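What follows is one structure encoded as structure tokens, with my remarks underneath.
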Amino acid sequence: MKFLHLLWANLQRKRLRTWLTLASIVVAFLLFGILQTMRAALTGGADLAGVDRLVTIHKVSLIQSLPQSYLNRVRGVEGVRVAMSHDWFGGVYQEDRNQVVAMTADPNLFFEVYPEYPLPEEQRAAWRADRTGAIVGKIIAERFGWKLGDTIPLRSNIYTKADGGNVWDLKIVGIFDATNGDNNSVYFQYDYLNESRAFGRDQIGWIVMRINDTNRSAEIARTVDALFANSSTETKTSTEKAFVQGFANQMGNIGAIVTAVASAVFFTMLLVIANTMGQSVRERTNELAVMKTLGFSSFQVTAMVLAEALLITLLGAVIGLAIAALAATGLAKAMQQFFPTLGMPSDTYVIGALVAVGLGTLAGALPCAQAWQLKIVDALRKA
């Protein structure tokens, strides 16, 4: 652009003001990038959910258990291909800060329910054969240096044993690397937990089932819940995506929160940029008049004013989102045990670019109108 040097020179006229405005824009887009990252981390698990899986929980709350006998009744529902139960273990490894996502599962059915979890057949067979066996995700195995054959003591912050202890020794018999799943979890046999826990015997946490026809998911869910209607333990069945999303919704509507905070930040930035551009145009009224005298059209002068607003906004957006991306990478490594899907979504860059263009355009609208309507004689008289 042949007028780029003029744009840059105008922005450097009041360097302190320009740099402070740029810094404000950088911080705004940095905050936007971090908010988008946390939104994706809190809700991203739903994107990994299987479209052909349903989850049945206690109607009152997830923390309420279900009778183990419910499992066979669910398996008998037409349209259910396979079903198994999970129990939340609440694992801690060595120290309280080493929280582990540990759950029970049925090794004979786990890979039918979750086909996206690859594991060599010999490791699957080892899990089925060893009552104390466990399979672990690649991420958590690398984090703690676990290897095949290691026996790890996992402490539960929920269950206690009949002998008063709360540590279960698990032998790692498999390490999975799911292409579209959580590689930060531990799964071990339900029977191993059930036979030794002091309370909750023959109870299960929730049921996960794969169905034959996703178009019938609502119908099958109603059928399952009807089996236990008016009983002492009624159920609520939903898609796995809705089940996962329910965890995030316990903290509120994450999307609405992010939108509200980002809107407030960007509205403030709109006022800041508009004020900067307004001051800049007022200070250069006589110069703009001289440019028109020299042959610059009203369109060219107005376009330059708008380009200044867009330049500083886009520059701040690029720097802010770049820093946010670096921060997201660091957060992903530091918090992978809590947020296995943490990372800045790719659509953040597109949204950020659109927001930056919109901010620059709106902030430059009034100064552009002033530049367009500027009368040469009136401007030079004021000078």
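Per-structure values
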| quantity | calculated |
| --- | --- |
| Those residues of the range 330-350 which are at pLDDT below 80 and either touching a Gly at 6+ places or on another chain (Cβ under 7 Å) or assigned to a helix (DSSP H, G or I) (or both), in sequence order | G330, L331, A332, K333, A334, T341, M344 |
| Qualifying residue in the range 280-302 (condition: surrounded by fewer than 19 Cβ atoms within 10 Å (Cβ to Cβ) and either modelled with pLDDT of 75 or more or under 14 Å from A28 (Cβ atoms) (or both)) | no |
| Qualifying positions in the range 152-162 - surrounded by fewer than 17 Cβ atoms within 10 Å (Cβ to Cβ), outside any strand (DSSP E or B) and not small (G, A, S) | N157, I158, T160 |
| Which numbered condition G76 misses (of (1) surrounded by 13 or more Cβ atoms within 10 Å (Cβ to Cβ); (2) free of Cβ contacts under 8 Å to residues at least 24 places away in the same chain; (3) within 15 Å of I211 (Cα to Cα)) | (1) |
| Among residues of the range 82-114, those that are assigned to a strand (DSSP E or B), crowded, with 19+ Cβ neighbours inside 10 Å and in contact with a Phe, Trp or Tyr (Cβ under 8 Å, 6 or more places away or on another chain), counted | 9 |
| Which listed residue, of G149, G174, G145, is surrounded by fewer than 15 Cβ atoms within 10 Å (Cβ to Cβ), more than 26 Å from L66 (Cβ to Cβ) and within 30 Å of the chain's Cα centre (by Cα) | G145 |
| Of all residues in the range 61-73 being free of Cβ contacts under 8 Å to residues at least 24 places away in the same chain and more than 14 Å from D202 (Cα to Cα), the one that is surrounded by the most Cβ atoms within 10 Å (Cβ to Cβ) | I63 |
| Some residue of the range 203-222 being of a type in the set (D, E, K, R) and at pLDDT 95 or above | no |
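Residue by residue, here is whether (1) small (G, A, S); (2) in a strand (DSSP E or B); (3) more than 30 Å from V74 (Cβ to Cβ) holds:
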residue	(1), (2), (3)
R124	no, no, no
R131	no, no, no
K147	no, no, yes
G164	yes, no, yes
R210	no, yes, no
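The values are calculated or read from the model by the stated rules, or taken from the named source; none is laboratory data. Only a predicted model underlies this, so the values are computations on that prediction, with no experimental measurement involved. Ideal geometry is used to build each Cβ from the backbone, glycine not excepted, and the neighbour counts take in all protein chains shown.
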